[in-house]
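Encoded as C-alpha cells, the structure appears first; notes follow it.
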Ligand SMILES: [Zn+2]
C-alpha cells in the first residue's frame, strides 16, 4: 500500500516540474491580466497564477475550482443548517467560499475571479492545505487534474517567443500569425466564443487590412463575433486592451470605439472618421489587430 502511494506520487510530480517552468515565465514582464467576465478552466488558471499559486498548489487550485464550480465565478451553493453553522450557509463563487466559515470574504469578492483566487490562496496556505474544500477531501478534484493541466499548458511558456507558446500559428497561403492564433485560442478558452474570423484573401475588408495575409501567408487580425451581446463584446475588447503588451495587440475596435497602441495616448476614443469601417462595421464583432512578432534571438 505504501509503495503504491509513493509510486503514484512520483508520477504526479513530473508534470508539476514542467508546469512550474512553464508558468515561471509569467513572473516577469508582460503578465496576462485577469479577464473580465472570464470563466472555466482557463479563467481559473490565469486567476490562480495572478494570485501567486505555483507548482502543485497551482494545479490543485485549478482542479479544485473546477470540481467546486466548473469555473463559474458566480456559482451559488446553499447548505442546510449544521451544528457548526446552525443558520445554514452558502458556498460562493468559483472556489465556493463559505459564508459561515469565511465571513471575512465578502460576496462581491467571492464572486470576483481575481479576488476569490486571492482569498483561496490565503485560506489554502498558499496552496499547501486544501482540507477546507470537500471536493479535495472527497478526491473529486482528481477527475479535474487533466483539464487543469491543459488549461495551464495554454499559459505563456518559458521557451515561448514573446510569450506565445510554440506551435501556435497556422500556415499560409491564408493562415494566422503565431500571436494572432494564440489570442484566438485564448478568446475561445476564456469567453467561450468559437465564431472568430481571421485571414481573408484580399476581399471583404478595407485596403491593407490586417486580415489579409503578409509575405509569409499569415494574417494579423481576428474578428470575434458577439452578435447583439454588446456586454460580451466589451468584455473581450477590454481584456484584449488590458493585455495588449502580453498579446502583441496593435489596436482593438468595438462599437465605434478604437484603442490604438501605436498612438502616444493609449486610450479608447471614437473612430475619427464617422463614415469609416472603424465607425460603422464593428458593432457585432470585436476587431483585434496584432503587431508582427519578432523572434527573440
Ligand atoms: Zn476585422
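The values are calculated or read from the model by the stated rules, or taken from the named source; none is laboratory data. Quantities reported herein were computed from a predicted structural model and do not represent experimental measurements. Heads up, the Cβs are rebuilt from the backbone with ideal geometry, glycines too, and the neighbour counts pull from every protein chain shown.
Kindly indicate the residue of the range 197-223 that is without any contact (Cβ under 8 Å) to a residue 40 or more places away in the chain and near the ligand (Cβ under 10 Å from one of its atoms) and also nearest to residue 182 (Cα to Cα) among those meeting that condition. Let's see the steps before the verdict.
Residues of the range 197-223 that are without any contact (Cβ under 8 Å) to a residue 40 or more places away in the chain, as a first pass: 198-204, 207-209, 211-212, 215.
Imposing the further condition that a residue be near the ligand (Cβ under 10 Å from one of its atoms) reduces the set to 198, 200, 204, 209, 211.
On the way: 198: 12, 200: 18, 204: 23, 209: 19, 211: 15 Å.
If we take residues in the range 197-223 being without any contact (Cβ under 8 Å) to a residue 40 or more places away in the chain and near the ligand (Cβ under 10 Å from one of its atoms), then 198 is nearest to residue 182 (Cα to Cα).
When you check residue 51 against the structure, is it under 24 Å from the mean Cα position of the chain (by Cα) and at pLDDT 95 or above, yes or no? Break it down stepwise before answering.
Numbers: under 24 Å from the mean Cα position of the chain (by Cα): yes; at pLDDT 95 or above: no.
In short, no.
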So, in the range 53-71, how many residues would count as being surrounded by 19 or more Cβ atoms within 10 Å (Cβ to Cβ) and assigned to a loop (DSSP other than H, G, I, E, B)? 3
Take residue 256 and tell me if it is within 25 Å of residue 71 (Cβ to Cβ), more than 21 Å from the chain's Cα centre (by Cα), away from the ligand (no atom under 11 Å from the Cβ) and not assigned by TED's automatic domain parsing to the domain that holds residue 71. no
Would you confirm whether or not the range 274-281 contains a residue that is within 24 Å of residue 195 (Cβ to Cβ), in contact with a helix residue (DSSP H, G or I) (Cβ under 9 Å, 6 or more places away or on another chain) and surrounded by 14 or more Cβ atoms within 10 Å (Cβ to Cβ)? no
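Specify which of the listed residues (264, 292) is within 16 Å of residue 209 (Cα to Cα), surrounded by fewer than 18 Cβ atoms within 10 Å (Cβ to Cβ), more than 14 Å from the ligand (Cβ to nearest atom) and at pLDDT below 95.
Numbers: 264 fails: within 16 Å of residue 209 (Cα to Cα).
The match here is 292.
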Only one of these conditions is not met by residue 143: (1) part of a helix (DSSP H, G or I); (2) at pLDDT below 95; (3) touching a helix residue (DSSP H, G or I) at 6+ places or on another chain (Cβ under 9 Å). Which number is it? (2)
State all residues of the range 177-192 that are out of contact with any strand residue (DSSP E or B) (no Cβ under 6 Å at 6 or more places or on another chain) and within 16 Å of the ligand (Cβ to nearest atom); if no residue qualifies, say none. 181, 183
Residue 61 being touching a helix residue (DSSP H, G or I) at 6+ places or on another chain (Cβ under 8 Å), under 24 Å from residue 103 (Cβ atoms) and at pLDDT 95 or above: yes
